[in-house]
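The values are calculated or read from the model by the stated rules, or taken from the named source; none is laboratory data. These numbers were taken from a predicted model, which means no experiment stands behind them. As a convention, Cβ positions derive from the backbone with ideal geometry for all residues, glycine included, and neighbour counts pool all protein chains shown. Heads up: the accessible areas ignore ligands, DNA and RNA and are worked out on the full protein's heavy atoms, side chains in. Shrake-Rupley method; radii C 1.70, N 1.55, O 1.52, S 1.80 Å.
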Amino acid sequence: MGHLTAKNGYENLVARLNKFPLGAPPSETLYKILGLLLDEREAELVSKLPIRAFTAETAAKRWEMPVQEATDILDSLARRALLVDILKGETTHYILPPPMAGFIEFSMMRIREDIDQHSLGQLLYQYMNVEEDFIRALFFETDTKIVRAFVNEPALSQPEMLEIMDYERATEVIKGADHIGVGVCYCRHKMSHMGKQCDAPMEICMTFGNVADSLIRSGYAKRITSEECLALLNQAYAHNLVQVGENVRNEVSFICNCCGCCCEALLAAKKFGTTLTMATTNYLPQISHESCTRCGKCVQVCPVDALYWDQEKSPELLSLKEEMCLGCGICVRNCHFGALELARRERRVMTPVNTVHRVVLTAIDKGMLPNLIFDNDALASHRVLASILSAILTMPPAKQLLANEQIRSKYLAKLIGH
(Lines give C-alpha, C1' and ligand atoms only; values in the text may rest on other atoms or scores of the structure.)
Protein backbone atom coordinates (compact mmCIF):
# COMPACT_ATOMS: atom_id res chain seq x y z
CA MET A 1 0.00 0.00 0.00
CA GLY A 2 1.03 3.65 -0.31
CA HIS A 3 2.82 5.60 2.40
CA LEU A 4 0.69 7.04 5.19
CA THR A 5 1.32 10.62 6.25
CA ALA A 6 2.89 11.31 9.62
CA LYS A 7 -0.13 13.31 10.73
CA ASN A 8 -2.62 11.53 13.00
CA GLY A 9 -5.08 9.52 10.89
CA TYR A 10 -8.05 10.59 12.98
CA GLU A 11 -7.16 14.27 12.51
CA ASN A 12 -6.93 13.71 8.76
CA LEU A 13 -10.35 12.04 8.74
CA VAL A 14 -11.98 14.87 10.69
CA ALA A 15 -10.31 17.47 8.46
CA ARG A 16 -11.67 15.59 5.45
CA LEU A 17 -15.21 15.46 6.82
CA ASN A 18 -15.15 19.18 7.55
CA LYS A 19 -14.53 20.08 3.91
CA PHE A 20 -18.14 19.15 3.28
CA PRO A 21 -21.51 20.51 4.43
CA LEU A 22 -22.16 17.96 7.19
CA GLY A 23 -18.93 17.69 9.13
CA ALA A 24 -17.91 17.27 12.75
CA PRO A 25 -16.04 19.95 14.72
CA PRO A 26 -12.69 18.66 16.04
CA SER A 27 -12.70 17.58 19.66
CA GLU A 28 -10.66 15.22 21.82
CA THR A 29 -13.97 13.49 22.52
CA LEU A 30 -14.57 13.01 18.78
CA TYR A 31 -11.11 11.47 18.33
CA LYS A 32 -11.89 9.01 21.14
CA ILE A 33 -15.21 8.13 19.44
CA LEU A 34 -13.46 7.49 16.13
CA GLY A 35 -10.83 5.46 17.98
CA LEU A 36 -13.54 3.04 19.10
CA LEU A 37 -15.03 2.75 15.60
CA LEU A 38 -11.93 2.23 13.45
CA ASP A 39 -8.17 2.03 13.81
CA GLU A 40 -5.80 4.82 12.82
CA ARG A 41 -4.77 3.19 9.53
CA GLU A 42 -8.41 2.80 8.53
CA ALA A 43 -9.07 6.42 9.49
CA GLU A 44 -6.19 7.55 7.27
CA LEU A 45 -7.52 5.50 4.37
CA VAL A 46 -11.11 6.75 4.79
CA SER A 47 -9.80 10.32 4.84
CA LYS A 48 -8.73 9.81 1.21
CA LEU A 49 -12.14 8.67 -0.07
CA PRO A 50 -14.60 10.77 -2.07
CA ILE A 51 -17.74 11.87 -0.27
CA ARG A 52 -20.03 10.80 -3.11
CA ALA A 53 -20.47 7.23 -4.35
CA PHE A 54 -17.33 5.47 -5.58
CA THR A 55 -16.15 1.99 -6.56
CA ALA A 56 -13.36 -0.21 -5.23
CA GLU A 57 -11.32 0.75 -8.30
CA THR A 58 -11.51 4.41 -7.27
CA ALA A 59 -10.46 3.61 -3.71
CA ALA A 60 -7.61 1.39 -4.90
CA LYS A 61 -6.26 4.19 -7.08
CA ARG A 62 -6.40 6.70 -4.21
CA TRP A 63 -4.88 4.22 -1.77
CA GLU A 64 -2.24 2.96 -4.26
CA MET A 65 -3.02 -0.70 -3.67
CA PRO A 66 -4.48 -3.68 -5.59
CA VAL A 67 -8.24 -3.60 -6.19
CA GLN A 68 -8.86 -6.81 -4.23
CA GLU A 69 -7.05 -5.45 -1.16
CA ALA A 70 -9.09 -2.24 -1.38
CA THR A 71 -12.29 -4.27 -1.77
CA ASP A 72 -11.54 -6.27 1.38
CA ILE A 73 -10.99 -3.07 3.39
CA LEU A 74 -14.12 -1.42 1.99
CA ASP A 75 -16.24 -4.48 2.73
CA SER A 76 -14.88 -4.61 6.29
CA LEU A 77 -15.84 -0.97 6.80
CA ALA A 78 -19.29 -1.61 5.30
CA ARG A 79 -19.86 -4.57 7.64
CA ARG A 80 -19.28 -2.15 10.53
CA ALA A 81 -21.67 0.42 8.98
CA LEU A 82 -18.86 2.95 8.50
CA LEU A 83 -19.57 2.88 4.78
CA VAL A 84 -22.85 2.28 2.97
CA ASP A 85 -22.49 -0.28 0.17
CA ILE A 86 -24.97 -0.24 -2.71
CA LEU A 87 -25.25 -3.00 -5.28
CA LYS A 88 -25.85 -1.72 -8.82
CA GLY A 89 -25.96 -4.69 -11.17
CA GLU A 90 -22.64 -6.49 -10.82
CA THR A 91 -20.85 -3.47 -9.31
CA THR A 92 -20.73 -2.41 -5.67
CA HIS A 93 -20.68 1.32 -5.01
CA TYR A 94 -19.66 2.69 -1.63
CA ILE A 95 -20.67 5.93 0.08
CA LEU A 96 -19.03 7.56 3.09
CA PRO A 97 -22.04 8.69 5.13
CA PRO A 98 -21.88 11.93 7.12
CA PRO A 99 -21.36 11.73 10.89
CA MET A 100 -25.04 12.55 11.50
CA ALA A 101 -27.39 11.22 10.31
CA GLY A 102 -24.87 8.58 9.40
CA PHE A 103 -22.10 6.48 10.88
CA ILE A 104 -22.44 7.90 14.42
CA GLU A 105 -26.06 6.77 14.55
CA PHE A 106 -25.33 3.47 12.80
CA SER A 107 -22.78 2.61 15.50
CA MET A 108 -25.57 2.31 18.09
CA MET A 109 -28.34 0.86 15.92
CA ARG A 110 -27.75 -2.65 17.20
CA ILE A 111 -26.44 -4.27 20.38
CA ARG A 112 -22.91 -5.35 19.49
CA GLU A 113 -19.88 -6.85 21.19
CA ASP A 114 -17.11 -5.94 18.74
CA ILE A 115 -16.71 -2.50 20.35
CA ASP A 116 -17.16 -1.09 23.87
CA GLN A 117 -20.64 0.38 23.40
CA HIS A 118 -20.90 1.51 27.01
CA SER A 119 -17.83 3.74 26.62
CA LEU A 120 -19.04 4.79 23.16
CA GLY A 121 -22.45 5.81 24.54
CA GLN A 122 -20.83 7.91 27.25
CA LEU A 123 -18.48 9.58 24.76
CA LEU A 124 -21.37 10.31 22.39
CA TYR A 125 -23.30 11.87 25.27
CA GLN A 126 -20.30 14.08 26.06
CA TYR A 127 -19.88 15.13 22.41
CA MET A 128 -23.59 15.64 21.68
CA ASN A 129 -25.19 16.69 24.93
CA VAL A 130 -22.44 18.37 26.95
CA GLU A 131 -20.17 19.93 24.33
CA GLU A 132 -22.17 22.23 22.05
CA ASP A 133 -20.01 22.73 18.94
CA PHE A 134 -21.32 19.72 17.02
CA ILE A 135 -24.98 20.37 17.79
CA ARG A 136 -24.66 24.05 16.84
CA ALA A 137 -22.93 23.14 13.57
CA LEU A 138 -25.42 20.38 12.79
CA PHE A 139 -28.61 22.29 13.43
CA PHE A 140 -27.95 26.04 13.33
CA GLU A 141 -25.31 26.84 10.71
CA THR A 142 -27.58 26.42 7.69
CA ASP A 143 -31.12 27.33 6.69
CA THR A 144 -31.49 23.90 5.12
CA LYS A 145 -32.33 21.32 7.75
CA ILE A 146 -31.14 17.71 7.76
CA VAL A 147 -34.39 16.40 9.20
CA ARG A 148 -38.07 17.30 9.20
CA ALA A 149 -41.01 16.45 11.39
CA PHE A 150 -43.92 14.40 10.08
CA VAL A 151 -47.43 15.08 11.24
CA ASN A 152 -49.16 12.39 13.34
CA GLU A 153 -51.70 11.51 10.66
CA PRO A 154 -54.50 10.51 13.08
CA ALA A 155 -54.46 14.12 14.33
CA LEU A 156 -55.59 15.51 10.96
CA SER A 157 -59.22 16.32 10.25
CA GLN A 158 -60.86 14.69 7.26
CA PRO A 159 -60.51 17.76 4.98
CA GLU A 160 -56.80 18.04 5.84
CA MET A 161 -56.30 14.31 5.27
CA LEU A 162 -57.58 14.77 1.73
CA GLU A 163 -55.21 17.67 1.03
CA ILE A 164 -51.97 16.47 2.65
CA MET A 165 -49.17 15.72 0.18
CA ASP A 166 -47.83 12.18 -0.07
CA TYR A 167 -44.31 13.22 0.97
CA GLU A 168 -45.79 14.66 4.20
CA ARG A 169 -47.13 11.24 5.19
CA ALA A 170 -44.95 8.75 7.02
CA THR A 171 -47.38 6.06 5.87
CA GLU A 172 -46.66 6.83 2.21
CA VAL A 173 -42.89 6.75 2.78
CA ILE A 174 -43.31 3.29 4.31
CA LYS A 175 -45.61 1.98 1.58
CA GLY A 176 -43.38 3.22 -1.23
CA ALA A 177 -40.03 1.89 0.05
CA ASP A 178 -38.20 -0.89 -1.82
CA HIS A 179 -36.38 -2.01 1.33
CA ILE A 180 -37.37 -1.42 4.95
CA GLY A 181 -35.17 -2.05 7.97
CA VAL A 182 -35.73 -1.53 11.67
CA GLY A 183 -32.93 -1.00 14.17
CA VAL A 184 -32.30 0.14 17.72
CA CYS A 185 -32.96 3.83 18.40
CA TYR A 186 -29.56 5.50 18.56
CA CYS A 187 -30.70 8.24 20.95
CA ARG A 188 -32.35 6.04 23.56
CA HIS A 189 -29.57 3.44 23.27
CA LYS A 190 -26.98 6.14 23.93
CA MET A 191 -28.99 7.47 26.88
CA SER A 192 -29.24 3.95 28.33
CA HIS A 193 -25.48 4.02 28.88
CA MET A 194 -25.97 7.19 30.93
CA GLY A 195 -28.91 5.79 32.92
CA LYS A 196 -31.18 8.41 31.33
CA GLN A 197 -33.31 6.41 28.87
CA CYS A 198 -37.10 6.55 28.94
CA ASP A 199 -39.55 3.67 28.53
CA ALA A 200 -40.30 4.34 24.84
CA PRO A 201 -39.65 1.41 22.46
CA MET A 202 -36.00 0.90 21.48
CA GLU A 203 -36.23 -1.21 18.31
CA ILE A 204 -38.22 1.28 16.27
CA CYS A 205 -35.70 3.22 14.14
CA MET A 206 -36.83 2.90 10.49
CA THR A 207 -34.57 2.97 7.44
CA PHE A 208 -35.54 2.74 3.79
CA GLY A 209 -34.17 2.10 0.30
CA ASN A 210 -30.47 1.53 -0.36
CA VAL A 211 -29.45 2.62 3.15
CA ALA A 212 -31.81 0.04 4.66
CA ASP A 213 -30.55 -2.68 2.31
CA SER A 214 -26.93 -1.97 3.28
CA LEU A 215 -27.69 -1.92 7.02
CA ILE A 216 -29.72 -5.12 6.75
CA ARG A 217 -26.93 -6.96 4.91
CA SER A 218 -24.38 -5.84 7.50
CA GLY A 219 -26.63 -6.87 10.40
CA TYR A 220 -27.40 -3.38 11.72
CA ALA A 221 -31.09 -3.52 10.86
CA LYS A 222 -33.71 -6.23 10.53
CA ARG A 223 -35.66 -6.53 7.29
CA ILE A 224 -39.41 -6.02 7.79
CA THR A 225 -42.45 -5.66 5.55
CA SER A 226 -44.41 -2.47 5.02
CA GLU A 227 -47.25 -3.96 7.10
CA GLU A 228 -44.87 -4.59 10.00
CA CYS A 229 -43.46 -1.09 9.67
CA LEU A 230 -46.95 0.47 9.71
CA ALA A 231 -47.64 -1.51 12.91
CA LEU A 232 -44.47 0.02 14.41
CA LEU A 233 -45.69 3.47 13.35
CA ASN A 234 -48.93 2.88 15.25
CA GLN A 235 -46.86 1.77 18.24
CA ALA A 236 -44.93 5.04 18.00
CA TYR A 237 -48.21 6.99 17.91
CA ALA A 238 -49.35 5.14 21.04
CA HIS A 239 -46.18 6.25 22.86
CA ASN A 240 -46.58 9.87 21.67
CA LEU A 241 -43.36 9.77 19.65
CA VAL A 242 -42.60 12.31 16.94
CA GLN A 243 -41.74 11.03 13.47
CA VAL A 244 -38.53 12.79 12.37
CA GLY A 245 -37.19 11.84 8.97
CA GLU A 246 -34.76 12.89 6.28
CA ASN A 247 -35.67 16.34 4.98
CA VAL A 248 -36.43 15.36 1.38
CA ARG A 249 -39.58 14.68 -0.64
CA ASN A 250 -38.33 11.67 -2.61
CA GLU A 251 -36.55 8.54 -1.40
CA VAL A 252 -36.56 9.32 2.31
CA SER A 253 -33.80 7.14 3.82
CA PHE A 254 -34.90 7.12 7.46
CA ILE A 255 -37.64 7.99 9.90
CA CYS A 256 -36.84 8.08 13.61
CA ASN A 257 -39.54 7.90 16.26
CA CYS A 258 -38.40 10.49 18.75
CA CYS A 259 -39.09 11.37 22.37
CA GLY A 260 -38.47 14.77 23.89
CA CYS A 261 -36.16 13.37 26.57
CA CYS A 262 -33.58 11.51 24.42
CA CYS A 263 -33.71 12.81 20.81
CA GLU A 264 -30.75 15.04 19.88
CA ALA A 265 -32.83 17.44 17.76
CA LEU A 266 -35.67 17.77 20.29
CA LEU A 267 -33.29 18.22 23.22
CA ALA A 268 -31.41 20.90 21.26
CA ALA A 269 -34.71 22.65 20.42
CA LYS A 270 -35.59 22.88 24.11
CA LYS A 271 -32.05 23.79 25.16
CA PHE A 272 -31.76 26.67 22.70
CA GLY A 273 -35.44 27.67 22.68
CA THR A 274 -36.10 27.22 18.97
CA THR A 275 -37.25 24.55 16.52
CA LEU A 276 -34.60 25.65 14.02
CA THR A 277 -33.08 22.22 14.69
CA MET A 278 -35.43 20.74 12.08
CA ALA A 279 -37.98 21.63 9.43
CA THR A 280 -41.48 21.72 10.87
CA THR A 281 -44.64 20.33 9.32
CA ASN A 282 -47.03 22.61 7.46
CA TYR A 283 -49.43 22.68 10.42
CA LEU A 284 -50.01 24.49 13.69
CA PRO A 285 -52.53 23.64 16.43
CA GLN A 286 -55.39 26.10 16.84
CA ILE A 287 -56.74 26.51 20.38
CA SER A 288 -60.43 26.74 21.24
CA HIS A 289 -60.45 28.25 24.74
CA GLU A 290 -64.20 27.66 25.05
CA SER A 291 -63.69 23.89 24.76
CA CYS A 292 -60.53 23.67 26.87
CA THR A 293 -61.06 21.96 30.27
CA ARG A 294 -57.49 22.74 31.42
CA CYS A 295 -56.78 19.03 31.94
CA GLY A 296 -53.16 19.67 30.97
CA LYS A 297 -52.66 16.53 28.88
CA CYS A 298 -51.56 18.50 25.81
CA VAL A 299 -48.96 20.43 27.82
CA GLN A 300 -47.68 17.17 29.26
CA VAL A 301 -47.24 15.34 25.95
CA CYS A 302 -45.73 18.17 23.87
CA PRO A 303 -42.18 16.99 23.09
CA VAL A 304 -40.72 20.52 22.86
CA ASP A 305 -42.73 22.35 25.56
CA ALA A 306 -44.49 24.54 22.98
CA LEU A 307 -47.78 24.62 24.92
CA TYR A 308 -47.96 26.38 28.27
CA TRP A 309 -50.29 28.13 30.70
CA ASP A 310 -50.01 31.89 30.25
CA GLN A 311 -49.83 33.16 33.83
CA GLU A 312 -50.15 36.79 32.73
CA LYS A 313 -53.69 36.18 31.56
CA SER A 314 -56.57 35.86 33.97
CA PRO A 315 -57.74 33.20 34.14
CA GLU A 316 -54.60 31.41 32.91
CA LEU A 317 -55.14 30.38 29.31
CA LEU A 318 -53.57 27.65 27.24
CA SER A 319 -51.06 29.30 24.90
CA LEU A 320 -48.74 28.23 22.09
CA LYS A 321 -45.17 29.29 21.39
CA GLU A 322 -45.38 29.14 17.61
CA GLU A 323 -41.61 29.45 17.22
CA MET A 324 -41.26 26.21 19.21
CA CYS A 325 -44.06 24.20 17.62
CA LEU A 326 -43.16 21.27 15.36
CA GLY A 327 -46.71 20.90 14.08
CA CYS A 328 -46.54 17.18 14.85
CA GLY A 329 -50.11 17.02 16.16
CA ILE A 330 -49.40 14.93 19.27
CA CYS A 331 -51.21 17.50 21.40
CA VAL A 332 -54.25 17.42 19.09
CA ARG A 333 -54.38 13.64 19.15
CA ASN A 334 -54.35 13.65 22.96
CA CYS A 335 -57.09 16.26 23.38
CA HIS A 336 -60.45 14.53 23.91
CA PHE A 337 -62.49 17.73 24.29
CA GLY A 338 -62.10 19.30 20.84
CA ALA A 339 -60.00 22.19 22.16
CA LEU A 340 -57.18 21.67 19.65
CA GLU A 341 -57.23 21.30 15.88
CA LEU A 342 -54.49 21.33 13.28
CA ALA A 343 -54.61 24.10 10.69
CA ARG A 344 -52.30 25.02 7.82
CA ARG A 345 -49.44 27.40 8.50
CA GLU A 346 -49.73 30.68 6.64
CA ARG A 347 -46.45 30.04 4.82
CA ARG A 348 -45.72 26.62 3.37
CA VAL A 349 -42.50 24.92 4.49
CA MET A 350 -40.13 24.18 1.59
CA THR A 351 -38.85 20.59 1.43
CA PRO A 352 -35.84 19.72 -0.78
CA VAL A 353 -36.66 17.36 -3.64
CA ASN A 354 -34.03 14.73 -2.85
CA THR A 355 -30.75 14.20 -1.01
CA VAL A 356 -28.65 15.87 -3.73
CA HIS A 357 -30.93 18.92 -3.64
CA ARG A 358 -30.66 19.13 0.17
CA VAL A 359 -26.88 18.67 0.26
CA VAL A 360 -26.33 21.28 -2.46
CA LEU A 361 -28.58 23.74 -0.60
CA THR A 362 -26.59 23.13 2.57
CA ALA A 363 -23.31 23.59 0.71
CA ILE A 364 -24.53 26.93 -0.68
CA ASP A 365 -25.66 28.06 2.77
CA LYS A 366 -22.20 27.31 4.18
CA GLY A 367 -20.20 28.64 1.22
CA MET A 368 -18.89 25.13 0.49
CA LEU A 369 -20.27 24.44 -2.99
CA PRO A 370 -16.78 24.40 -4.63
CA ASN A 371 -15.72 21.63 -2.23
CA LEU A 372 -18.79 19.60 -3.11
CA ILE A 373 -18.16 19.90 -6.84
CA PHE A 374 -14.41 19.76 -7.29
CA ASP A 375 -13.38 17.38 -4.52
CA ASN A 376 -15.76 14.75 -5.86
CA ASP A 377 -14.27 14.82 -9.36
CA ALA A 378 -17.69 15.99 -10.55
CA LEU A 379 -16.20 17.59 -13.65
CA ALA A 380 -15.00 14.13 -14.71
CA SER A 381 -18.40 12.61 -14.09
CA HIS A 382 -21.21 14.04 -16.19
CA ARG A 383 -23.81 12.26 -14.06
CA VAL A 384 -22.62 13.82 -10.79
CA LEU A 385 -22.22 17.27 -12.29
CA ALA A 386 -25.64 17.05 -13.94
CA SER A 387 -27.29 16.14 -10.63
CA ILE A 388 -25.67 19.12 -8.88
CA LEU A 389 -26.62 21.54 -11.66
CA SER A 390 -30.16 20.15 -11.77
CA ALA A 391 -30.48 20.75 -8.04
CA ILE A 392 -29.29 24.35 -8.42
CA LEU A 393 -31.78 25.00 -11.23
CA THR A 394 -34.70 24.03 -8.95
CA MET A 395 -33.72 26.59 -6.29
CA PRO A 396 -35.05 30.10 -5.73
CA PRO A 397 -33.16 32.85 -7.61
CA ALA A 398 -31.36 34.07 -4.47
CA LYS A 399 -29.86 30.61 -3.87
CA GLN A 400 -28.88 30.34 -7.55
CA LEU A 401 -26.99 33.63 -7.32
CA LEU A 402 -25.17 32.46 -4.18
CA ALA A 403 -24.24 29.24 -5.97
CA ASN A 404 -22.82 31.11 -8.96
CA GLU A 405 -20.88 33.51 -6.74
CA GLN A 406 -19.15 30.52 -5.14
CA ILE A 407 -18.12 28.70 -8.33
CA ARG A 408 -18.03 31.68 -10.77
CA SER A 409 -19.16 29.63 -13.73
CA LYS A 410 -20.07 31.35 -17.02
CA TYR A 411 -21.97 28.17 -17.92
CA LEU A 412 -24.08 28.27 -14.74
CA ALA A 413 -24.62 32.02 -15.12
CA LYS A 414 -26.01 31.38 -18.60
CA LEU A 415 -28.29 28.63 -17.30
CA ILE A 416 -29.80 30.79 -14.56
CA GLY A 417 -30.04 33.86 -16.79
CA HIS A 418 -27.40 36.10 -15.18
Students often get this wrong, so try it: which of [x] 1.23; [y] 0.98; [z] 1.02 is Rg/Rh (Cα atoms, Kirkwood Rh) as calculated from the structure shown?
[y]
Accessible surface, 1.4 Å probe, highest first, among residues 52, 169:
52, 169
Measuring from its Cα centre, the chain shows a charge dipole (+1 at each Lys and Arg Cβ, -1 at each Asp and Glu Cβ) which, in debye to the nearest 20, is 660 debye
Once the Cα atoms of helix 67-79 and of the chain are each reduced to a long axis, what angle between those two axes, in degrees from 0 to 90 to the nearest 10, is obtained?
20 degrees
So, for segment 70-204, what is the accessible surface per residue at a probe of 1.4 Å, expressed in square angstrom?
41 Å²
Of the listed pairs 145/399; 175/297; 270/399; 175/321; 190/297; 190/270, which have alpha-carbon separations greater than 22 Å here?
175/297; 270/399; 175/321; 190/297
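What's the carbon and sulfur percent of the chain's accessible surface, probe 1.4 angstrom, rounded to a whole number? Walk me through the numbers on the way to the answer.
Numbers: 9580 of 18850 Å².
It is 51 percent, rounded to a whole number.
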Accessible area (Å², 1.4 Å probe, nearest 10) - residue 163:
120 Å²
Tilt relative to the chain, helix 355-365 - C-alpha long axis, 0 to 90 degrees, to 10:
90 degrees
Enter the angle in degrees (range 0 to 90, nearest 10) between the Cα long axis of helix 382-393 and the first principal axis of the Cα atoms of the chain, meaning the one along which they spread out most.
30 degrees
Return, ordered by residue number, the residues of segment 64-93 whose backbone nitrogen is under 20 Å from a label point located 7 Å along Cα→Cβ of residue 36.
77-83
Can you work out the accessible area per residue across segment 205-338, with the rest of the protein chains kept in place, probe 1.4 Å, in square angstrom?
42 Å²
State the percent of C-alpha pairs, over all pairs in segment 15-145, separated by a distance greater than 20 angstrom.
47 percent
